[in-house]
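Some notes on the structure that comes next.
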Amino acid sequence: MKKKNQSIAVLILAFLVTVLLGWTMLVGWGPTGTGAMEHIKLGLDLSGGVSITYRAVKDNPTEEEMSDTRFKLEQRAQQYSEEAQVYQQGDDRITIEIPGATDATVILEELGKPGSLYFIKEKDANGNYNYTYTSTGEYVLYNKTLEELEEDGSIVLTGKDVKGAEAVHQTNQTTQATESVVQLTLTDEGKEKFANATQEAYANSQSIGIYYDETFVSVPRVNAVIDDGVAIISGGDMDWDKASKLAATLRIGSLSLELEELNSSVVGAQLGSEAVSTSLKAGAIGLLLIILFLIAVYRVPGLAAGWALLIYVELELIALNAFDLTLTLPGIAGVILSIGMAVDANVIIYARMQEEIASGKSISSAVRAGFQKATSAILDGNITTLIAAAVLYAFGSGSVRGFAMTLALGIVLSMFTALAVSRLLINSLYSAGIKDEKFYGKQKERKKLAFVEHRKIYFTISVILMLIVPAGMLVMNAVKGSPLNFGLDFKGGTSVTVPFNEDYTIAELESEVQPLVQNVTKDSDIQMTKVVDSNSVIIKTRSLTLEERETLYNDLESEFGVDVSNITFDNISSTISKEMSTNAMKAVIISVICMLLYIWLRFRDIRFASSAILALIHDIAVVFGFYVLSKISVGNTFIACMLTILGYSINSTIVIFDRIRENMPNLKRESIEELVDRSITDTLTRSIYSSLTTFVMIFMLFLLGVSSIRDFAAPLMVGIISGAYTSVCLTGSLWYVMKHYGKKKYVPASVKADKKISAKTKKK
């Protein structure tokens with residue numbers, strides 16, 4: 001009776017915690033009365049931000065100089081947000097767009113005026129001073145130009161030698177007081193040059209001046225030889241704000257070009273409030289359907305799973321705000337995938353529980369065994385995906401890193417709710433008095449299905465699917481001029497700024513203006529951004545010819561009364577730089593290698609790892625083929641979609657391999673073919689249910705979302721279907737082929753016994 005009362009108290013407490021988390025998420029605390037959801041940082045596509053355009057001071061900058069400068073600015077901007085976008089406009093301008101910001105002046109003050117950075121010796125080779133201290137308390141160059149200083153070797157380092165700079169606190173060894181300083185990290189080349197320069201300066205008791213944007217920002221005296229590539233810049237009056245600004249100056253000082261601000265503005269969301277509201281509605285409906293499905297299939301355990309899933313979603317949304325993560329359309333993919341994996345963990349547990357009940361165990365024993373036997377599959381699947389997220393964060397950039405952070409957060413929370421919260425709830429429900437077997441369900445005996453026997457059919461289907469991809473690319477390249485429909489994010493286009501006569505909402509622009517633009521471009525990849533506090537709208541499309549621009553201008557004039565003389569246009573570069581694409585590719589390759597090594601280590605069989613990776617490549621290829629054939633625009637969400645499949649597909653495969661590993665010592669008298677078939681059959685319900693619940697979430701997005709979200713959801717649905725197919729039909733058969741035709745063939749105990757009997761008979 002005491003235990004029952006304690007369990008009821010736990011359930012009441014869990015209910016109160018759920019309500020409290022919901023309150024924190026939706027309503028919040030304090031005078032603002034706004035919940036955590038209201039404070040989640042949204043990307044440019046969902047909430048807008050600040051747009052700043054710079055122009056090169058130098059006339060006719062080279063393409064290489066513009067590209068390098070743009071990449072360096074991209075690194076700087078992403079310190080404000082991983083989702084910041086940087087792209088080139090025309091031949092000499094670069095635009096930075098930082099999501100979530102609402103004050104362009106503050107960003108300009110923090111970002112500074114990108115210029116050129118130099119480290120200058122106090123004296124030249126002849127002992128002449130390179131800079132002097134004036135009566136106004138400032139250092140200035142002493143009758144010399146930068147070109148002359150560079151020629152005589154007085155410039156020690158340039159901004160290109162700086163790898164990073166950050167403001168830190170350190171203890172002054174003399175006064176023991178804590179002071180704010182700037183910690184400077186140099187490149188390998190800069191490390192060597194700085195070591196030589198500081199050795200010379202230290203020997204002669206000289207300083208090295210830091211010259212940025214025609215001003216000395218610091219002239220520190222060299223107190224030691226610095227040969228580790230890390231330098232500390234300190235000053236008597238340097239507080240934390242000054243140190244932070246100086247660090248920011250040094251970080252952006254490695255630009256190839258000196259830039260000047262041309263204009264700045266606050267811009268609105270690209271997708272509008274409808275995209276956010278429909279996504280939230282789709283997520284809520286999908287979550288409700290999944291909870292009802294879990295209750296219908298697993299009964300009381302399903303109720304516990306649904307309850308835990310609700311707590312997971314609340315924790316996820318609160319954590320997005322707490323960790324200050326920026327949520328964009330690609331970020332939604334990470335959230336959706338983590339919800340799918342949270343459901344998957346509960347399905348694995350409760351499917352095992354029903355199997356244990358069917359084997360004759362009591363409910364309490366079945367609950368313990370269900371969690372115990374499911375833990376290895378849950379940990380392996382989630383850790384494998386977590387490894388991928390860590391590698392993507394370490395080697396990726398921009399939205400790839402944003403996706404990785406969102407995914408990693410979801411994985412950690414999903415494991416916690418599945419293995420801790422769900423266990424607490426189901427044990428409390430049982431101890432509270434819900435002990436009848438009918439409330440838990442029993443796994444029906446399933447006939448073993450012959451998957452391995454039909455492997456040739458599956459392999460043939462997969463080969464055909466894989467061959468369709470290059471064939472489709474060749475056809476599309478011949479017909480459309482490109483194998484993929486690369487969007488603005490990848491290939492750039494034209495930016496047209498239109499001063500309308502009235503203030504249109506994003507919804508009105510999408511319903512009235514976008515069809516007009518699409519009629520001219522014959523392309524659905526159109527981005528429209530409002531300039532806040534004005535009637536101007538920035539319309540980005542594929543590159544337009546002179547004739548197409550004139551047609552667009554005339555249509556805007558006739559339909560909306562726009563004064564065409566005030567319309568401006570520019571050619572713009574892609575927002576996904578070559579460096580970002582290269583980093584993403586490297587991250588994916590390294591992720592796959594790390595996952596292969598982990599699976600090999602955990603399963604102690606390279607054939608498990610090889611089969612899983614081949615299946616993963618298959619799923620990515622199928623989704624890629626869908627992009628080719630459907631001509632869906634390939635943009636920023638393309639990377640997110642591929643990364644989502646990377647995480648989801650491997651998780652499904654791990655569950656089946658975990659069951660094969662578990663069954664091997666228990667099925668010694670079965671052939672390897674029967675072992676694989678039984679393992680796949682045992683996990684078939686889980687494979688179907690997990691894929692179905694994740695598919696439901698994506699399908700609701702596709703059904704209720706705006707056009708851009710549907711273009712994002714469609715390939716994801718294809719990936720989920722492909723992942724379910726490969727995990728059930730391919731992975732086990734691939735492992736069987738490798739195992740059966742490997743050097744060490746698996747011989748069942750029954751066959752060994754028959755051989756021994758035959759040998760004894762021959763001897764007699």
Task: Residue satisfying all of: in the stretch 282-327; assigned to a helix (DSSP H, G or I) and among the acidic types (Asp, Glu); surrounded by the most Cβ atoms within 10 Å (Cβ to Cβ) among these - done: Glu314
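Would you check which residues across the stretch 593-635 are closer than 23 Å to Met473 by Cα and in contact with a Phe, Trp or Tyr (Cβ under 6 Å, 6 or more places away or on another chain) and list them?
Val634
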Task: Search result, residues across the stretch 368-421 that are of a type in the set (D, E, K, R) and over 15 Å from the mean Cα position of the chain (by Cα) - done: Arg368, Lys373, Asp380
- [ ] For the stretch 668-677, enumerate the residues that are of a type outside the set (Ser, Thr, Tyr) and under 16 Å from Lys739 (Cα atoms).
- [x] Lys668, Glu670, Ile672, Glu673, Glu674, Leu675, Val676, Asp677
Open item on the list: Checking the conditions here, which among Thr694, Thr685 is in contact (Cβ under 8 Å) with a residue 40 or more places away in the chain, closer than 18 Å to Ala342 by Cα and surrounded by fewer than 18 Cβ atoms within 10 Å (Cβ to Cβ)?
Closed with: Thr685
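Return yes when Gly492 is open to solvent by 20 Å² or more (accessible area, probe 1.4 Å) and either at pLDDT 90 or above or at positive phi (or both) and no when it is not.
no
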TODO: Could you list, in sequence order, all residues of the stretch 338-391 that are surrounded by 24 or more Cβ atoms within 10 Å (Cβ to Cβ) and acidic (Asp, Glu)?
DONE: Asp344
Task: Conditions (1) open to solvent by 60 Å² or more (accessible area, probe 1.4 Å); (2) within 29 Å of the chain's Cα centre (by Cα): number failed by Thr53 - done: (1)
Open item on the list: So for the stretch 673-681 (the condition being open to solvent by 10 Å² or more (accessible area, probe 1.4 Å), modelled with pLDDT under 85 and among the charged types (D, E, K, R)), does at least one residue qualify?
Closed with: no
TODO: Determine whether the stretch 317-329 contains at least one residue that is modelled with pLDDT of 80 or more, of a type in the set (Phe, Trp, Tyr) and over 30 Å from Phe439 (Cα atoms).
DONE: yes
Open item on the list: Residues that are polar (S, T, N, Q) and in a helix (DSSP H, G or I): does the stretch 445-464 have at least one?
Closed with: yes
Open item on the list: So, in the stretch 202-223, exactly how many residues are open to solvent by 50 Å² or more (accessible area, probe 1.4 Å) and at positive phi?
Closed with: 2
Task: Candidates Ala471, Ala450, Ala420, filtered to the one that is within 30 Å of Val634 (Cα to Cα) and hydrophobic (A, V, I, L, M, F, W, C) - done: Ala471
Open item on the list: Here is a check on your reading of the model: is Thr132 at pLDDT 85 or above, surrounded by 13 or more Cβ atoms within 10 Å (Cβ to Cβ) and assigned to a strand (DSSP E or B)?
Closed with: no
Task: Whichever residue in the stretch 161-201 is closer than 19 Å to Asn223 by Cα and among the charged types (D, E, K, R) and, among such residues, is surrounded by the fewest Cβ atoms within 10 Å (Cβ to Cβ) - done: Glu192
- [ ] Go through the stretch 614-658 and give me each residue that's under 21 Å from Ser690 (Cα atoms) and outside any helix (DSSP H, G or I).
- [x] none
Open item on the list: Would you confirm whether or not the stretch 86-98 contains a residue that is surrounded by fewer than 18 Cβ atoms within 10 Å (Cβ to Cβ) and either modelled with pLDDT of 75 or more or over 20 Å from Met528 (Cβ atoms) (or both)?
Closed with: yes
Task: Members of the stretch 185-234 that are outside any strand (DSSP E or B), without any contact (Cβ under 8 Å) to a residue 40 or more places away in the chain and small (Gly, Ala, Ser) - done: Gly190, Ala195, Ala203, Ser205, Ala224
Task: Leu419 being in contact (Cβ under 8 Å) with a residue 24 or more places away in the chain, of a type in the set (A, V, I, L, M) and open to solvent by less than 10 Å² (accessible area, probe 1.4 Å) - done: no
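The values are calculated or read from the model by the stated rules, or taken from the named source; none is laboratory data. Just so it is clear, the model here is predicted, and its values are computed rather than measured. Here the Cβ is made from the backbone with ideal geometry for all residues, glycine too, and neighbour counts use every protein chain on show. Note: accessible area is taken over every heavy atom of the protein model, side chains too, but ligands, DNA and RNA are not part of it. Shrake-Rupley method; radii C 1.70, N 1.55, O 1.52, S 1.80 Å.
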